[in-house]
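These notes concern the structure reproduced below.
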Amino acid sequence: MMTNLFSIFDPSTNLFNLPLNWIKTFIGILFIPLSFWLIPNRHFMFWNFILIKLHKEFKLLLGNINSNGSTFIFISMFSFILFNNFLGLFPYIFTSTSHLTLTISISLPLWLSFMLYGWINNTQHMFIHMIPQETPTILMPFMVMIETISNIIRPGTLAVRLTANMIAGHLLLTLLSGIGPKISNYFILFLIIIQILLLILESAVAIIQSYVIAILSTLYSSEVN
């Protein structure tokens, strides 16, 4: 039972012995030419409105620093994660964001680049950031240890947060759909309503988690400047 349940996250399924599941992750590239249309459609205008709002918010979080173009890194990450989260809600489509392989590959290089930039260019600021203001002298060594540990586990928390939320929702949907053939016809309608509500909740989670990852990455970036 458990093997069949977690098989929905199995990336080894293939088509004609070709593992094409991970290729789905990059299907979003096909939507790039939409931005070059002479007369944009409503879909592009709505998406462009969202990106402009995100750009303004990320720019506010980054502060008054020389970061021209820095917001587009986080906007691209938001778009990439959001697209893959939504694709995973469709039947028989592999959910790549439910694997730590992908989420760690996103969060770890980003966090590592922030750390290298901060310690090389703003070393004094990074040391100051380890000890909050008005910390008693006797607690300073412990605060340094706590801040260091919390800083090191940041890429892991980003990756696990996204993966756990994707896995939890998909497992719940799969468990409820599995009891469908075993219940009476009177409860089928009730089960369908619950599944629809869970699917709406999962759609909201897909948006919220991609936004949370982008916001937290922006905040981590602002701390090293």
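Name the one entry in Asn225, Asn151, Asn165 that is at pLDDT 85 or above and not hydroxyl-bearing (Ser, Thr, Tyr).
Asn165
Against the definition (in a helix (DSSP H, G or I), within 13 Å of Ser221 (Cβ to Cβ) and among the basic types (Lys, Arg)), how does Lys53 come out, yes or no?
Details: in a helix (DSSP H, G or I): yes; within 13 Å of Ser221 (Cβ to Cβ): no; among the basic types (Lys, Arg): yes.
In short, no.
If the requirement is being surrounded by fewer than 17 Cβ atoms within 10 Å (Cβ to Cβ), modelled with pLDDT of 85 or more, out of contact with any strand residue (DSSP E or B) (no Cβ under 9 Å at 6 or more places or on another chain) and in a helix (DSSP H, G or I), which of these qualifies: Ser107, Ser113?
Answer to the selection: Ser113.
If you go through the range 175-193 one residue at a time, do you hit one that is surrounded by fewer than 15 Cβ atoms within 10 Å (Cβ to Cβ), under 22 Å from the mean Cα position of the chain (by Cα) and modelled with pLDDT of 80 or more?
No: zero hits.
Ile75: touching a Leu at 6+ places or on another chain (Cβ under 8 Å), under 30 Å from Asn225 (Cβ atoms) and at pLDDT 70 or above, yes or no? Spell out how you get there, then give the answer.
Numbers: touching a Leu at 6+ places or on another chain (Cβ under 8 Å): yes; under 30 Å from Asn225 (Cβ atoms): yes; at pLDDT 70 or above: yes.
The answer is yes for Ile75.
Can you work out which of the residues in the range 194-220 that are exposed (fewer than 12 other Cβ atoms within 10 Å of the Cβ) and among the β-branched types (Val, Ile, Thr) is farthest from Pro109 (Cα to Cα)?
Taking the candidates together, the pick is Ile196.
With Ile213, Ile208, Ile200, Ile196 as the choices, which residue is of a type in the set (Val, Ile, Thr), more than 20 Å from Leu171 (Cα to Cα) and in a helix (DSSP H, G or I)?
Result: Ile213 is the single residue among Ile213, Ile208, Ile200, Ile196 that is of a type in the set (Val, Ile, Thr), more than 20 Å from Leu171 (Cα to Cα) and in a helix (DSSP H, G or I).
Return yes or no: is Phe142 part of a helix (DSSP H, G or I), without any contact (Cβ under 8 Å) to a residue 12 or more places away in the chain and among the aromatic types (Phe, Trp, Tyr)? I'd like the intermediate steps shown before the answer.
Numbers: part of a helix (DSSP H, G or I): yes; without any contact (Cβ under 8 Å) to a residue 12 or more places away in the chain: yes; among the aromatic types (Phe, Trp, Tyr): yes.
Considered against the rule, which asks whether it is part of a helix (DSSP H, G or I), without any contact (Cβ under 8 Å) to a residue 12 or more places away in the chain and among the aromatic types (Phe, Trp, Tyr), Phe142 comes out as yes.
So which residues in the range 129-139 are modelled with pLDDT of 75 or more and within 17 Å of Asn151 (Cβ to Cβ), if there are any at all?
The answer is Met130, Ile131.
Restricting the search to the range 147-172, which residues are closer than 13 Å to Phe127 by Cα and either among the aliphatic types (A, V, I, L, M) or surrounded by fewer than 14 Cβ atoms within 10 Å (Cβ to Cβ) (or both)?
Answer for the range 147-172, where residues must be closer than 13 Å to Phe127 by Cα and either among the aliphatic types (A, V, I, L, M) or surrounded by fewer than 14 Cβ atoms within 10 Å (Cβ to Cβ) (or both): just Thr148.
Answer yes or no as to whether Gly118 is within 16 Å of Pro155 (Cβ to Cβ) and either in contact with a helix residue (DSSP H, G or I) (Cβ under 9 Å, 6 or more places away or on another chain) or at pLDDT 85 or above (or both).
Taking the combined requirement at face value, the residue satisfies it.
The values are calculated or read from the model by the stated rules, or taken from the named source; none is laboratory data. Quantities reported herein were computed from a predicted structural model and do not represent experimental measurements. All Cβ positions, glycine included, derive from the backbone under ideal geometry; neighbour counts span all protein chains shown.
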